[in-house]
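Let me begin by presenting the structure, written as structure tokens, before commenting on it.
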Amino acid sequence: MRLILLGAPGAGKGTQAQFICERFGIPQISTGDMLRAAVKEGSELGIKVKEIMTTGGLVSDDIIIALVKERISQPDCANGFLFDGFPRTLPQADAMKDAGVKIDHVLEIAVDDEEIVKRLAGRRVHPGSGRVYHVEYNPPKEMGKDDVTGEALIQREDDQESTVRNRLSVYHDQTAPLVDYYQQWAKEDADVAPVYHRVEGVGSVDDITRQVIEALEG
Ligand code: AP5
Ligand code: ZN
């Protein structure tokens, strides 16, 4: 299965990706996680993207498209993959279409902006694996520690409220048009276009997982 998870920052893409990938046995391709790993390593790519990520802007399409094309050519992507946080602009979506990368499903997780600000203020992440928690809504078994490794959780640098507001505005300007793009494509060319699903992203994590699985398997 090849799948795109579409949604605003904090909509729950990373949270739901964990369940979906396990269920369907496919790798999670999170461009955000890949870029954060590069920043942490201090690689050439990391140095290039650090500042733009800290302020909540988008990394250039050329860099992202090259990164994703290389990633999906790896053997573990042969049976499918889940895109989390990609595509995020019309040129990124077109690049996949032009390269003939057939996507089966686009799944939008819809959450409004005020809920997102609350979620991101309480988010904690395990930097090694990308696993996500929330201090109140989705707490780890032991406060401040990853459930699997027991390692310390951190707060993402771009989760400060002013940066979150900027990320939301970038989302509405540059990424939200993809909702129309995929819906329109599904109408015009149902044979090749991905099937479009929309799930309301407000409710318990388990509830949303159920709706997501139902949409994909139904
Ligand atoms: P990226 O890492 O992709 O960040 P994002 O899209 O802003 O998404 P988030 O990871 O913030 O949110 P999420 O939807 O995964 O939510 P989560 O599950 O964690 O990108 C970061 C940066 O990298 C970008 O700003 C950009 O600079 C760059 N970048 C990445 N991809 C790019 C691209 N393609 N092009 C250009 N630049 C790119 O959940 C959030 C919180 O809510 C957690 O605390 C979670 O526990 C909690 N939560 C989840 N579900 C629920 C629920 N149902 N109820 C209550 N709380 C919940
Ligand atoms: Zn994420």
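The values are calculated or read from the model by the stated rules, or taken from the named source; none is laboratory data. Not measured: the values here are computed from a predicted model. Reconstructed Cβ throughout: ideal geometry from the backbone, glycine too, with neighbour counts over all protein chains shown. For accessibility, only protein heavy atoms count, side chains too; no ligands or nucleic acids. Shrake-Rupley method; radii C 1.70, N 1.55, O 1.52, S 1.80 Å.
Structure notes:
- Within the shell of other residues whose beta carbon sits under 15 angstrom from the beta carbon of R119, the net charge comes to -2, with Lys and Arg scored +1 and Asp and Glu -1.
- Solvent exposure of segment 1-96 amounts to 44 Å² per residue of accessible area, where only protein heavy atoms count and the probe is 1.4 Å.
- Cα→Cβ-extended label distance, 7 Å offset, between R210 and D62, nm: 4.9
- DSSP bridge pairs, segment 83-218: antiparallel proportion in percent, nearest 5: 50
- Debye log10 I(q)/I(0) for segment 4-115, one point scatterer per Cα, at q = 0.13, 0.18, 0.23 Å⁻¹: -0.51, -1.00, -1.51
- Computed from point charges on the beta carbon alone (+1 for Lys and Arg, -1 for Asp and Glu), the dipole magnitude for the chain about its Cα centre is near 380 Debye.
- Using the 1.4 Å probe convention, the accessible area of segment 126-218 works out to 61 Å² per residue with neighbouring protein chains retained.
- Percent breakdown of C-alpha pair distances by 5 Å bin, ordered from the shortest bin, for segment 2-217: 1, 7, 14, 20, 22, 19, 12, 5, 1, 0
- Fraction of accessible area attributable to carbon and sulfur, segment 1-128 (%, probe 1.4 Å): 51
- Order by protection proxy (mean Cβ within 10 Å, highest first), peptides 165-176, 8-19, 140-151: 8-19, 165-176, 140-151
- Given K40/K97; K69/K118; K13/K69, the pairs whose alpha carbons are separated by over 26 Å: K40/K97; K69/K118
- Net +/- balance of residues flanking E188 in space, Cβ distance below 14 Å, scoring K and R +1, D and E -1: -1
- Neighbourhood charge, 12 Å Cβ-Cβ cut-off, centred on T89 and excluding it, Lys, Arg +1 and Asp, Glu -1: -3
- Taking packing as the residue-averaged number of other Cβ atoms within 10 angstrom, the listed peptides 68-80, 38-50 run from highest to lowest as 38-50, 68-80.
- Residues of segment 38-82 with an amide N closer than 13 Å to a point placed 7 Å from the Cα of V101 along the Cα-to-Cβ direction: 61-74, 77-78, 80-82.
- Helix-derived mean residue ellipticity, 222 nm - over the chain, DSSP H n ≥ 4, -39500 (n - 2.57), to 500: -14000 deg cm²/dmol
- In this simple spin-label model, placing a label point 7 Å from the Cα along the Cα-to-Cβ direction at both N166 and F19 gives a separation of 3.3 nm.
- Alpha-carbon centroid distance for the pair segment 98-133 / segment 4-47, whole angstrom: 8
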